[in-house]
Each structure stands twice: as structure tokens, then as C-alpha cells.
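Have a look at the structure below, then the notes.
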Amino acid sequence: MAKQRRYLHLDTERTDYSVSDEELTNLDSASRNIWKDFFIACLCLGIPTAINGFSGIDFTNFSLTAGIFFNCLVGTIGILAAIILGIAWYKTSSKFRNVISKIKSKPRVDISELDLESLVEDVGKIDD
């Protein structure tokens, strides 16, 4: 029976990075960013209701109705919450970028100088 052959395909244009378990955990925790979703929801709620509330105000004969009051209130709260959540989103996304930059700043190993024949033979011995 012939021995199964294994191949290692290399793309010389691609750069690969090794990542430890701790770095994977940091990437996972930094990528779980729900602030963006709440930011978009608050912005989508705040802007239309604020426009609706402020456009309903008659400045010549001012009378505050319940509809105008609640539209302005919800719109203002939505926009303020969107600003706060946008800041939180920016801070957590910068943490994600920091983890990636730490991974990319690791020292590089030139694999063109490695003896790939012996490396493949060693891998084959481990698998057998």
C-alpha cells in the first residue's frame, strides 16, 4: 500500500501570524461589541422623533401638546443616548485595534531560509 502524501501549500504574497490562546481570548472579548447596535437603534429612534417633535411646534402661537412634548423628549433622550453609546463603541473598537496591532508587531520569521523538506518529514513522523 502506498504511503499517503501530504502537501504544504505556501502563498509567498500572504503574511500569516501566530496567535496564542490569550490573544484569541482578548480578540473574542474585544470583538463582542454591542454598543454599535444600541448606538444605531438610539440614533434611528432619536432623530426622526426629534424632527417630528420640533417640526410640530408653532413658534408664533406656542402651545405645548402631549404629542409634541413626548416626541421632543424621546428624540432628545435618543440622541443623547446615541452620543454616549457612540463614545463607548469607539473606546471598545480601539481596544480591538490594539489587540490586532500587538499581534502584528510580533517578530517575523523568514520561512524561505527554513528547511521545508525536514519540516514536512518531521510532521509526517508525528502523524504516523
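Some observations on this one:
- Considering (1) in contact (Cβ under 8 Å) with a residue 24 or more places away in the chain; (2) more than 30 Å from Pro107 (Cβ to Cβ), the lone condition that Ala30 does not fulfil carries the number (2).
- The condition (being among the β-branched types (Val, Ile, Thr) and in contact with a Phe, Trp or Tyr (Cβ under 9 Å, 6 or more places away or on another chain)) is satisfied by just one residue among Ile87, Ile51, Ile40: Ile87.
- Exclusive hit being surrounded by fewer than 17 Cβ atoms within 10 Å (Cβ to Cβ) and either at pLDDT 90 or above or within 31 Å of the chain's Cα centre (by Cα) (or both), set Phe70, Phe62, Phe39: Phe70
- Answer from Glu23, Glu13 - the residue that is within 30 Å of Arg108 (Cβ to Cβ), surrounded by 14 or more Cβ atoms within 10 Å (Cβ to Cβ), of a type outside the set (Ser, Thr, Tyr) and at pLDDT below 85: Glu23
- Here Cys44 meets the list (1) at pLDDT 90 or above; (2) surrounded by 13 or more Cβ atoms within 10 Å (Cβ to Cβ) almost entirely, failing just condition (2).
- Scope the range 53-70; condition in a helix (DSSP H, G or I) and either closer than 23 Å to Leu85 by Cα or in contact with a Ser or Thr (Cβ under 8 Å, 6 or more places away or on another chain) (or both); matching residues: Gly53, Phe70
- Going through (1) in contact with a Lys or Arg (Cβ under 8 Å, 6 or more places away or on another chain); (2) not in a helix (DSSP H, G or I) one by one, Asn33 falls short only on (1).
- Being in contact with a Gly (Cβ under 9 Å, 6 or more places away or on another chain), β-branched (Val, Ile, Thr), without any contact (Cβ under 8 Å) to a residue 40 or more places away in the chain and in a loop (DSSP other than H, G, I, E, B) is a condition met by no residue of the range 78-85.
- If only residues of the range 12-30 that are hydrophobic (A, V, I, L, M, F, W, C) and part of a helix (DSSP H, G or I) are counted, the one that is farthest from the chain's Cα centre (by Cα) is Leu24.
The values are calculated or read from the model by the stated rules, or taken from the named source; none is laboratory data. Owing to the predicted nature of the structure, the values given are computational and were not obtained by experimental measurement. Note that each Cβ is placed from the backbone with ideal geometry, even for glycine, and that neighbours are counted across all protein chains shown.
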